[in-house]
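A short write-up of the structure that comes next.
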Amino acid sequence: MNTFSMYVARESGLHKLYPLTKASLTLLLLIAGLTLPVNWAGYFLVLFVIFPLAIWGKVFKNFMRIVWSISLPFIISVIIIQSLFWGKGTPIFEFWILAPKIEGVIFATISVGRIILVMAGFILFAMTTRPDALMISLKQVGVPSSLAYIIVTTLQIVPRFVTKASTILDAQRSRGLETDGNLFVRSRAVVPIILPLVLGSLMEVEERAIAIEARGFNSNREETSLIEIPDTRAQFILRRIFMVLMILSIIARVAWQLST
Amino acid sequence: MLENIKKEFSTRILVLIPIAIAINIAIGELVVRLKLPVYLDSIGTVLVGAIAGPWAGALTGALTNLIWGLFNPFAAPFFYVAAVIGFLAGLAGKRGAFENESPRWLSVLVGAVFVFSLTMFILAFSNASIDDTGFTSYPSMADLFSQYAIIFVVAILIGAAIGYFLLQRGGYAGFWGLITGIVAAIISAPTAAYVFGGVTGSGTDVLVAAFRASGAGILSSVMAQGAVSDPFDKMLSFMVVWLILRSLPARFKAR
Amino acid sequence: MAIIDLRNVTYKYPLTQESALKNINFQVNEGEFVAVIGPNGAGKSTLCYTVAGFVPHFFKGELSGTVEVAGADSSKSNLHEWVLNVGLAFQNPFNQISGAKYTVFEEIAFGLENIGVPRDEMIPRVNDAMKLTGISELADRSPYSLSGGQQQRVALTSILVMHPKVLVLDEPTSQMDPIGTREVFGVIRTLAEQGMTVIMAEHKVEWIANFADRVVALHEGQIIEDGKPQEALTSDVLAGKGFGISRYTSVARKAKETGLWKKDKLPVTLEEAVEGFAHV
Ligand SMILES: Nc1ncnc2c1ncn2[C@@H]1O[C@H](COP(=O)(O)OP(=O)(O)OP(=O)(O)O)[C@@H](O)[C@H]1O
Ligand SMILES: [Mg+2]
């Protein structure tokens, strides 16, 4: 399946969960991790909730690899900038112009926890949920089908466009367009790539719109679905609990903010 | 109101939005490949705003970041910024910024004011000093002007040239792009500072580091970094869309 | 009784000066298979869009005259109701893929989902339609992974599965090889015999001569010829106007000037040509 998604097919309990259950769990983890007035909440949730879930979903190895490669630039950046360039604070040591501050290191460590939480949460969700299944479940709870159409279509055409952009880039190169060299040369290369890409696809719009209207896209009859995704009563209740927890953690944050 | 919003989402626009998102992502990644110091990842969003209106533009922006988030989780928390960009592009479109040709002097003015403020901004930051209590003080405008008079004159000339040669008759679009960029820089800073500790994991982090070293707080460093990169980037994106819409036969602009 | 009835139809696209259709009068009976021919820009696609309701509902512009299909008046209907009666497939197969589906089977079911066909009715309908057009073995493939000709078959099947009364096809075989073209023309012929009405814009005159019931020739937005394929396709009216003309017709026309072709009627297909020259 050549789509813009990280989905990894496995036979696992996590994969079999109703997509919305996973979506609301992910949302809960992100909200709790970012709002709870506990600085280390991010690390805690990653270690004791997300990692076990990734193991349950039988994707742990892939998952760790992707989380690591995506988070690393951020982590390096945040550590360098916030520990070395922290304005006022207690220096750990001083060497030449470098003087990492304790406060900076603490801040950087807290930030790393949040970054990993956001990355890991999204990645685990994306790895274990088929985008079309997510859309079907959204439709089942009443999200307008036009929104579902937009999202699934996007996931299919993004890889095509990324390829198309490279193809145009190569074509323009072979016609003598310079794409290496100094900033000025590279900047000038952008327009001859962007214009054909965008103009070409704008001309497609009319026909694509005709094609889906011809297939009843705007019909006002009650839609049906070829694929049905099973939900369970237990998961329905679970989602309600997640939602309550989300609200509770926001309340906790507000209360804490008010008291300090 | 609800009727008006609904009207923005004709079948043509519903088809256009995925294409626009794909354009955002494809060009966004291309720019990285060409190692250019801009993002250009909202051309599609601005395009939808210009053709369809603010709500369709906002949806395009938000979905771009959320969907990009499936591959690049860093983008997702900024979905609201992208939505505001699309919304503002829609307002600009309603005001005719993408249809009308501006007089060239307006483009010169927009360019000059832009580079002038940017210069002032950077100089103010780089001349800031921290006292012992950790309080940051900035130099006064008068000091800056007298000290760097030549730099300011050069900046105004460069800006005027950018306006004349780059913006050409797209002064209205350029102006709206600038405004949009400033708004984007301000509203994205809190998320960048809080969720990501002020970094983007990319080249612009150097700027954040520079501002931090000059004594600015995390939030203001991030905002300052945004204020340097966002207005220029959005001005370019609005310009590109202006160019595209001018070269597109009228029948393809239908909604 | 005519299932398609166009009277004095004149149509101008928005922002254009010249009418794309001029005073068209065009009636089609149920179960007829009508081919529409004409040089580039003659208005074939516009005529197709008019019967399919997209002119004027989708394109806007100015339409005068009346367009009726199956007793309903286009100007008094909505496009989303109109498409339930009239199916449309067109030339570029790539743009007809919905993009919202991952397999050919799901792609074909897309229209049925939209119009609310229950799931247990949907599956047999998709299977039957795929069997009809010979693409059953593609069911689990991604629509994007197919060849142009295969995609055109999927586009056709996606419309057929909706069981329209009238089928409008705008150059539906442009990307198919001769074998594929023959199969598709055969399928359409069968459908017409079962009572489906078919309008097809097409350049391939030899196929038209073999399969269509009637030919309508458009030139600069006007119908300049309308009749049985054999007569219409060899009509002198078409000469010199940029129509695609069968090479057998051209050869026989030359031969007639020198007295080599003795029959009154000119041939369109190889068989007719062979038969005609056999009398020499
Ligand atoms: N959407 C449109 N807006 C404006 N003019 C159009 C539009 N579509 C077609 N036209 C014009 O209408 C006329 C008829 O075009 P049409 O596409 O119907 O021709 P055609 O016979 O299908 O040609 P072809 O063989 O190239 O497919 C042409 O002059 C064309 O330029
Ligand atoms: Mg045509």
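The values are calculated or read from the model by the stated rules, or taken from the named source; none is laboratory data. On a predicted model such as this, the values are computed, not experimentally measured, just so you know. Here the Cβ positions follow ideal geometry from the backbone for every residue, glycine too, while neighbour counts run over all protein chains shown.
Structural remarks
- Restricting segment C:165-221 to residues that are of a type in the set (Asp, Glu) and more than 14 Å from chain A (Cβ to nearest Cβ), the residue that is nearest to ligand 2 (Cβ to nearest atom) is C:Glu202.
- Which listed residue, of A:Leu238, A:Leu169, A:Leu245, A:Leu199, is within 30 Å of C:Tyr49 (Cα to Cα), within 30 Å of the chain's Cα centre (by Cα) and not charged (D, E, K, R): A:Leu199
- Any hit, segment C:51-67, residues being aliphatic (A, V, I, L, M), within 16 Å of ligand 2 (Cβ to nearest atom), more than 14 Å from chain A (Cβ to nearest Cβ) and closer than 26 Å to C:Leu238 by Cα: no
- Here B:Gly93, B:Gly44 are screened, and the one residue that is part of a helix (DSSP H, G or I) and under 23 Å from A:Val162 (Cα atoms) is B:Gly44.
- Filter result (β-branched (Val, Ile, Thr) and closer than 11 Å to C:Val216 by Cα) within segment C:30-46: C:Val34, C:Val36, C:Ile37
- Subset of segment C:83-122 that is more than 8 Å from every other protein chain (Cβ to nearest Cβ) and under 21 Å from C:Val36 (Cα atoms) - its residue that is surrounded by the most Cβ atoms within 10 Å (Cβ to Cβ): C:Val86
- Within segment C:7-17, the set of residues being assigned to a loop (DSSP other than H, G, I, E, B) and within 16 Å of ligand 2 (Cβ to nearest atom) comprises C:Tyr13, C:Thr16.
- Residue check, A:Ser83 hydroxyl-bearing (Ser, Thr, Tyr), in contact (Cβ under 8 Å) with a residue 40 or more places away in the chain, more than 8 Å from every other protein chain (Cβ to nearest Cβ) and assigned to a helix (DSSP H, G or I): no
- Segment A:183-198: number of residues that are more than 10 Å from chain B (Cβ to nearest Cβ) and at pLDDT below 75: 1
- The number of residues in segment C:165-181 being more than 16 Å from ligand 1 (Cβ to nearest atom), under 28 Å from C:His219 (Cβ atoms) and not in a strand (DSSP E or B) comes to 3.
- When residues of segment B:27-45 are limited to those that are at pLDDT below 85 and not hydrophobic (A, V, I, L, M, F, W, C), the one nearest to B:Phe79 (Cα to Cα): B:Glu29
- Going through (1) closer than 12 Å to A:Gly113 by Cα; (2) touching a residue at least 12 places away in the same chain (Cβ under 8 Å); (3) assigned to a helix (DSSP H, G or I) one by one, A:Leu47 falls short only on (2).
- A:Phe161 being touching a residue at least 24 places away in the same chain (Cβ under 8 Å) and either more than 12 Å from chain C (Cβ to nearest Cβ) or not polar (S, T, N, Q) (or both): yes
- Residue in segment B:59-81 that is surrounded by the most Cβ atoms within 10 Å (Cβ to Cβ), counting only those that are under 14 Å from A:Thr154 (Cβ atoms), more than 7 Å from chain A (Cβ to nearest Cβ) and not aromatic (Phe, Trp, Tyr): B:Thr60
- Single residue of segment C:40-50 satisfying the filter (more than 12 Å from chain A (Cβ to nearest Cβ) and more than 6 Å from ligand 1 (Cβ to nearest atom)) that is nearest to A:Arg215 (Cα to Cα): C:Thr50
- Any chance C:Ala217 is within 16 Å of ligand 1 (Cβ to nearest atom) and crowded, with 22+ Cβ neighbours inside 10 Å: yes
- Test for C:Met176: is it at pLDDT 95 or above and more than 12 Å from the chain's Cα centre (by Cα): no
- The selection criterion, being of a type in the set (Val, Ile, Thr) and either in a strand (DSSP E or B) or more than 22 Å from A:Leu124 (Cα to Cα) (or both), does not hold for A:Ile66.
- Search result, residues across segment A:135-158 that are facing chain C (nearest Cβ under 10 Å) and free of Cβ contacts under 8 Å to residues at least 24 places away in the same chain: A:Met135, A:Ala148, A:Ile150, A:Ile151, A:Val152, A:Thr153, A:Ile157
- Yes/no for A:Val190 being without any contact (Cβ under 8 Å) to a residue 60 or more places away in the chain, surrounded by fewer than 17 Cβ atoms within 10 Å (Cβ to Cβ), more than 15 Å from B:Pro18 (Cβ to Cβ) and of a type in the set (A, V, I, L, M): no
- Being in contact (Cβ under 8 Å) with a residue 24 or more places away in the chain, within 11 Å of ligand 1 (Cβ to nearest atom) and closer than 24 Å to A:Glu213 by Cβ is not true of C:Val67.
- Any chance C:Val126 is surrounded by 20 or more Cβ atoms within 10 Å (Cβ to Cβ), in a loop (DSSP other than H, G, I, E, B) and at pLDDT 95 or above: no
- The conditions of being buried (at least 24 other Cβ atoms within 10 Å of the Cβ), hydrophobic (A, V, I, L, M, F, W, C) and more than 9 Å from every other protein chain (Cβ to nearest Cβ) are not met by A:Leu98.
- Just one of the numbered conditions (1) over 30 Å from C:Phe59 (Cβ atoms); (2) at the interface with chain A (Cβ under 8 Å from one of its Cβ atoms) is not true of B:Ala26: (1).
- Filtered residue count, segment C:68-101, keeping only those that are charged (D, E, K, R) and in contact with a Phe, Trp or Tyr (Cβ under 9 Å, 6 or more places away or on another chain): 1
- Among the residues making up segment C:207-265, those that are of a type in the set (A, V, I, L, M), part of a loop (DSSP other than H, G, I, E, B) and out of contact with any Phe, Trp or Tyr (no Cβ under 6 Å at 6 or more places or on another chain) are C:Ala239, C:Ile245, C:Leu260.
- When the helices (runs of 4 or more DSSP H) confined to segment B:139-255 are screened for residues that are touching a Phe, Trp or Tyr at 6+ places or on another chain (Cβ under 6 Å), those reaching at least 2 such residues are found at B:149-161, B:171-196, B:205-213, B:218-247.
- Members of segment C:51-87 found to be in a loop (DSSP other than H, G, I, E, B) and on the phi > 0 side of the Ramachandran plot, listed by number: C:Gly53, C:Lys60, C:Gly61, C:Ala70, C:Gly71
- Among the residues of segment C:251-266, just one is small (Gly, Ala, Ser) and exposed (fewer than 13 other Cβ atoms within 10 Å of the Cβ), namely C:Gly259.
- Any hit, segment A:17-34, residues being farther than 19 Å from A:Gln235 by Cα and part of a loop (DSSP other than H, G, I, E, B): no
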